[in-house]
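Below: one structure, written as C-alpha cells.
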Amino acid sequence: MKRSSVLLLLVCLVSFAASAQTLDWSSIGSAGVLDDGMFNLYTTTGAALAIKTNTVATIEARYPVTNTVGTAYDQTPAWTTLSAALIDDGANGSVTVTLYEVDKCDGTEAQVCQIVSSDGTSDVECETCTFSSSTFDFANNAYYIDVVLTRSETTPAEALYQLALY
C-alpha cells in the first residue's frame, strides 16, 4: 500500500511538472509601462489602454515578457503565437504590436513578430502573428512587447485590451 501511494505521488508530481512547461504568458493593456510625459494623453479603464477622448496623439507602452515555463532549467518556452485583443475602428488610427528580442550581453534588439491592426468595428478583435517554436531563449535573451496606439483625428477609438503569448 505504501509503495503504491509513493508511486502515485511521483506520477502526480511528474504530471504537474510537465503541465507547467506549457504555461502561456499574458498581460492586460492597462498594465503597460508608458514613457514619462504621456500622462495627459492616455487613459485606462479596467483592462483597456486607450488614447484619451478628443485627443490626437501617439502613445507607446512596453510589456516585459517573463518566462512562465516553470523551471530554472527550461529557458525555451515553445510559444508560437502573439495575440492582441484590440479595437481599431477607423482609418484615422492604428494599433501596432511588436515583439522584440534583446540580447542580454550587447543589448541588440531584433523584431520577432508584428501585428498592425486593420480597420474594423468598435468591437474588440483578436489579431495574431506567428513565429517558430524555438524563438524564445531566456538563457541568452530578454523579451518585451512594444505597443503603439496612434490617432490622427479625435473620432477613432483605438484601444488595447490584452496581449498573450502561447
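None of the figures in this text is laboratory data; all of them are computed from the coordinates on show. Fair warning: this is a prediction, and the values are worked out from it, not measured in the lab. All Cβ positions, even for glycine, are placed from backbone atoms using ideal geometry, and neighbour counts span all protein chains on display.
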Fill in the blank from the handout: Scanning region 27-78 for residues that are without any contact (Cβ under 8 Å) to a residue 40 or more places away in the chain, within 16 Å of the chain's Cα centre (by Cα) and not in a strand (DSSP E or B), the one farthest from TYR144 (Cα to Cα) turns out to be SER30
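Confirm whether VAL69 is over 26 Å from GLU125 (Cβ atoms), surrounded by 15 or more Cβ atoms within 10 Å (Cβ to Cβ) and not aromatic (Phe, Trp, Tyr).
Working: over 26 Å from GLU125 (Cβ atoms): yes; surrounded by 15 or more Cβ atoms within 10 Å (Cβ to Cβ): yes; not aromatic (Phe, Trp, Tyr): yes.
Taking the combined requirement at face value, the residue satisfies it.
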Exercise for the section: Could you tell me whether any residue of region 118-141 is of a type in the set (A, V, I, L, M) and not in a loop (DSSP other than H, G, I, E, B)? Expected result: no
Handout entry: Residue in region 79-109 that is surrounded by the fewest Cβ atoms within 10 Å (Cβ to Cβ), counting only those that are of a type in the set (Asp, Glu) and in a loop (DSSP other than H, G, I, E, B)
Key = ASP106
Exercise for the section: Go through region 150-166 and give me each residue that's surrounded by 16 or more Cβ atoms within 10 Å (Cβ to Cβ) and either under 24 Å from PRO77 (Cα atoms) or of a type in the set (S, T, N, Q) (or both). Expected result: THR150, TYR161, GLN162, LEU163, ALA164, LEU165
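Does at least one position in region 129-141 carry a residue that is touching a Gly at 6+ places or on another chain (Cβ under 9 Å), of a type in the set (Ser, Thr, Tyr) and surrounded by 16 or more Cβ atoms within 10 Å (Cβ to Cβ)?
Looking for residues that are touching a Gly at 6+ places or on another chain (Cβ under 9 Å), of a type in the set (Ser, Thr, Tyr) and surrounded by 16 or more Cβ atoms within 10 Å (Cβ to Cβ), one finds none in region 129-141, hence no.
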Practice task
Test THR150 against the stated conditions and say whether it is assigned to a loop (DSSP other than H, G, I, E, B), touching a Ser or Thr at 6+ places or on another chain (Cβ under 9 Å) and closer than 23 Å to SER30 by Cα.
Solution key: no
